[in-house]
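What follows is one structure encoded as structure tokens, with my remarks underneath.
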Amino acid sequence: KAGVTQTPRYLIKTRGQQVTLSCSPISGHRSVSWYQQTPGQGLQFLFEYFSETQRNKGNFPGRFSGRQFSNSRSEMNVSTLELGDSALYLCASSRDSNSNQPQHFGDGTRLSIL
Amino acid sequence: GNSVTQMEGPVTLSEEAFLTINCTYTATGYPSLFWYVQYPGEGLQLLLKATKADDKGSNKGFEATYRKETTSFHLEKGSVQVSDSAVYFCALSDTLTGGGNKLTFGTGTQLKVEL
């Protein structure tokens with residue numbers, strides 16, 4: 001069974017640009033969540049999508065947005081990139097949107113802002 | 001709000017030593033608890049979970065028991081191997097108003113196992 005797939009694995013952008021990251025969940029999983037990992041702030045929740053609807057959102061500015069498609073694949077977009085957006089962005093999927101369900105993570109997209 | 005506190009690392013052990021990584025939590029509801037492991041250059045892998053008080057999660061020789069009275073979920077392994085060297089994260093997922101699935105993580109504990 002294929003795991004969570006994130007593309008691309010690495011990205012280099014400059015300040016002011018925008019970027020789109022992609023996540024394909026495990027087959028049959030309908031919930032997709034996004035997390036940001038940095039050395040200073042650790043792992044922080046960005047948002048969760050379930051059945052194409054955003055269910056929860058973390059404390060990030062509106063520059064961070066996402067969406068989910070009917071096949072459960074999800075994309076995350078960051079506009080007007082800042083140096084502080086440099087991070088590992090992790091996507092996780094679970095069977096449904098229930099706190100008992102374990103989330104399964106992809107290997108992440110490492111975003112570097114120059 | 002919810003929070004997870006883990007012991008500071010790095011933790012350095014000799015192979016076959018006993019491992020304990022402490023984790024305590026604060027939650028408003030009835031959380032599920034998880035341990036994840038992250039190897040260099042990779043995402044997080046689910047190590048074990050417990051969904052209610054007194055549950056014991058176990059996997060690959062690792063164990064953790066959900067202790068509601070002490071709000072703890074300490075990770076233990078009887079005999080560590082060099083291949084266990086990684087960063088370990090304790091996390092909780094709480095019941096949210098309106099439903100949903102959100103993990104709150106501890107800061108992570110780096111484990112180094114030496115021969």
Is it fair to say residue B:78 is away from every other protein chain (no Cβ under 14 Å), surrounded by fewer than 21 Cβ atoms within 10 Å (Cβ to Cβ) and under 15 Å from the mean Cα position of the chain (by Cα)? no
Which of the residues belonging to region B:1-28 are more than 14 Å from the chain's Cα centre (by Cα) and exposed (fewer than 13 other Cβ atoms within 10 Å of the Cβ)? B:1, B:10, B:12, B:14, B:16, B:18, B:28
For the list (1) in a strand (DSSP E or B); (2) surrounded by 16 or more Cβ atoms within 10 Å (Cβ to Cβ), I need the number of the one condition that residue A:60 fails. (1)
Residue within region A:80-88 that is more than 14 Å from residue A:4 (Cβ to Cβ), in a loop (DSSP other than H, G, I, E, B) and modelled with pLDDT under 95 present: no
Lone unmet requirement of (1) within 14 Å of another protein chain (Cβ to nearest Cβ); (2) touching a strand residue (DSSP E or B) at 6+ places or on another chain (Cβ under 8 Å); (3) part of a loop (DSSP other than H, G, I, E, B) for residue A:15: (1)
Go through A:86, A:79, A:33 for me and flag whichever is within 22 Å of residue B:107 (Cβ to Cβ), among the polar types (S, T, N, Q) and touching a residue at least 60 places away in the same chain (Cβ under 8 Å). A:33
Going by what's in this entry, would residue A:46 be described as closer than 26 Å to residue A:71 by Cβ and crowded, with 21+ Cβ neighbours inside 10 Å? yes
Does residue A:72 count as of a type outside the set (D, E, K, R), more than 11 Å from the chain's Cα centre (by Cα) and within 14 Å of another protein chain (Cβ to nearest Cβ)? yes
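The values are calculated or read from the model by the stated rules, or taken from the named source; none is laboratory data. Nothing here was measured: the structure is a model prediction, and the numbers come from that model. FYI the Cβ positions are ideal-geometry reconstructions off the backbone, even for glycines, and counts take in every protein chain you see.
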